[in-house]
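Enquirer: Please read through the structure below; I'll follow up with questions.
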Amino acid sequence: MAFEHYIRSDGKNLRMGYTTGTCAALAAAGAAEALLTGHFPKVLSLMTPKGIEVFVRPEECCLSGGQKNTGRAESRADERRVTGKADSQAGGQKSEWARCGVRKDAGDDADVTDGLLIMAQAERCDLTSAPDGACHDRGHSDLHGEAGRELRSKTYNSERVRILGGEGIGRVTKPGLDQKVGEAAINRVPRQLIRREVLRVCEEQGYEGGITITIYAPDGEAAAKKTLNERLGIEGGISIIGTSGIVEPMSMKAYADSVRLEIRQAAAQVSEIYSETVGTHGKSQAAAELLGNRKAAARIREIEKSRKGTIILTPGNYGLSYLEQNGKDIPDAPVVVCSNFIGDAVDEAVSCGFGRIILVGHAGKLVKLAAGIMNTHSSVADGRTEIFTAHAAVNGASEETCRRLMDAVTTDACISILMEEGLAEKVLCSIRDMALDHLRRRCAGISCDIIMFSNEYGELGR
């Protein structure tokens with residue numbers, strides 16, 4: 001079942017695809033439905049965070065009782081390989097489970113996971129005796145009234161679905177990644193999608209118990225050897241990732257061109273606001289002053305001084321979420337997602353006459369600006385740990401601390417090390433100041449600011 005959604009790039013229509021996270025959620029829903037009904041759906045569907053619905057046909061479906069819709073052989077050895085369970089469990093009786101697979105389709109942006117089969121196994125879970133407590137409602141019995149009932153309900157629902165990683169799914173071995181050390185490399189948004197889809201199936205079938213979902217990829221370990229996972233601290237398999245649920249193929253030039261176009265459109269919209277403001281308060285500053293409307297005259301001077309006002313640039317979804325959650329909203333200021341093309345976006349904003357540029361983004365991107373790196377794609381330049389190490393060294397860090405920073409795999413891991421040493425504030429301010437210096441030079445004297453943050457530690461360098 002082809003995924004027929006396209007995006008225009010370099011004069012061509014490129015077919016979009018869907019992420020491993022979308023595959024895992026679809027497979028989990030299919031396995032849960034088969035577990036509760038005894039039948040596999042012919043078609044699975046899911047509305048992605050991007051707002052695009054995905055339809056797929058499930059593959060490699062099998063029930064513990066032996067029902068299959070493929071010819072794949074299943075065995076007790078295979079069950080141990082996927083779930084890690086011993087034959088002696090449950091008195092030697094075969095566990096009740098359902099398995100369902102979805103094949104990754106990366107569209108025209110093919111990578112090593114394109115065509116990979118992502119499997120999910122669903123089993124009923126005892127809410128009161130889950131081994132890690134994940135399916136046990138706890139900790140809110142002392143809350144009363146409607147608020148208490150609502151919190152207990154949310155906790156109960158979130159803990160009804162226990163998500164595990166099986167064969168071919170990487171395990172986190174270093175701090176600072178999306179999941180904690182020791183956890184399966186199934187990122188936060190895919191976990192939310194899996195939980196949402198499984199709970200939907202449970203509600204449709206009137207099932208109020210718990211379900212354990214094990215995500216696995218039979219060829220995941222081999223595929224992971226072609227990625228940077230091991231270097232990043234993910235061993236034994238692939239990561240289940242994706243924030244939008246959709247893969248959008250696009251060349252670097254086409255993406256940069258689309259960013260420039262969006263900034264030009266934003267400038268045109270701000271010009272309309274400017275015209276309306278001038279029309280409201282008077283035809284000119286002189287006319288407003290003659291009429292004695294000092295407030296109007298001051299507003300017009302402010303607009304003319306700043307030309308087209310403020311534009312907010314952010315590399316992606318993390319920045320958008322941060323702006324939404326922290327109220328960093330400036331009236332009439334457009335927000336443009338510039339991806340890795342920070343330098344190109346700044347150049348275009350200056351060219352369009354914006355008087356102030358605010359760059360809002362995750363530290364994983366913005367620390368690179370401290371080295372003058374204005375295209376933050378990892379294939380162009382990285383240098384994050386080197387930047388942290390250099391700024392730590394000039395702020396008094398020991399040789400051992402510098403070595404630890406060089407060995408860190410993420411910016412959050414670097415921040416954690418600096419916090420242990422009591423150097424976080426000094427080093428992060430130093431990095432932000434240097435990044436701001438580079439940005440100001442690029443902005444050719446126009447006012448600019450940087451809001452740099454971490455999902456774990458909040459705003460940094462202030």
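The values are calculated or read from the model by the stated rules, or taken from the named source; none is laboratory data. Fair warning: this is a prediction, and the values are worked out from it, not measured in the lab. Positions of Cβ are generated from backbone atoms using ideal geometry, with glycine treated the same way; all protein chains shown enter the neighbour counts.
Every residue, every condition in (1) assigned to a strand (DSSP E or B); (2) modelled with pLDDT under 85; (3) among the aliphatic types (A, V, I, L, M); (4) outside the structural domain of I342 (by TED's automatic domain parsing), yes or no:
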site: E221; (1), (2), (3), (4): no, no, no, yes
site: D257; (1), (2), (3), (4): no, yes, no, no
site: I263; (1), (2), (3), (4): no, no, yes, no
site: A268; (1), (2), (3), (4): no, yes, yes, no
site: G279; (1), (2), (3), (4): no, yes, no, no
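Enquirer: To continue, here is another question. Within the range 173-203, can you find the residues that are of a type in the set (D, E, K, R), touching a residue at least 24 places away in the same chain (Cβ under 8 Å) and either assigned by TED's automatic domain parsing to the domain that holds R404 or part of a helix (DSSP H, G or I) (or both)?
Expert: R191, R195, R196, E197, R200 - these are the residues of the range 173-203 that are of a type in the set (D, E, K, R), touching a residue at least 24 places away in the same chain (Cβ under 8 Å) and either assigned by TED's automatic domain parsing to the domain that holds R404 or part of a helix (DSSP H, G or I) (or both).
Enquirer: Restricting attention to the range 344-387, which residues are among the charged types (D, E, K, R), closer than 21 Å to I311 by Cβ and assigned to a helix (DSSP H, G or I)? It would help to see each step written out before you state the result.
Expert: Narrowing the range 344-387 to residues among the charged types (D, E, K, R): 344, 347-348, 356, 365, 368, 382, 384, 386.
Going one step further and asking which of them are closer than 21 Å to I311 by Cβ, we end up with 344, 347-348, 356, 365, 368.
Within the range 344-387, D344, D347, E348, K365, K368 meet the criteria.
Enquirer: Would you pick out the residues in the range 180-194 that are more than 10 Å from I234 (Cα to Cα) and surrounded by 24 or more Cβ atoms within 10 Å (Cβ to Cβ)?
Expert: Across the range 180-194, the qualifying residues are I186, P190, L193, I194.
Enquirer: With respect to the numbered conditions (1) out of contact with any Ser or Thr (no Cβ under 8 Å at 6 or more places or on another chain); (2) buried (at least 22 other Cβ atoms within 10 Å of the Cβ); (3) more than 28 Å from A256 (Cα to Cα), which one is the sole condition not fulfilled by G396?
Expert: Checking G396 against (1) out of contact with any Ser or Thr (no Cβ under 8 Å at 6 or more places or on another chain); (2) buried (at least 22 other Cβ atoms within 10 Å of the Cβ); (3) more than 28 Å from A256 (Cα to Cα), the one that fails is (2).
Enquirer: Here's something else I'd like to know. Which residue pairs have Cβ atoms closer than 7 Å, lie 6 or more positions apart in sequence or on different chains, and pair a first residue in the range 401-417 that is more than 16 Å from Q179 (Cβ to Cβ) with a second residue that is part of a loop (DSSP other than H, G, I, E, B) and hydroxyl-bearing (S, T, Y)?
Expert: I415/Y457
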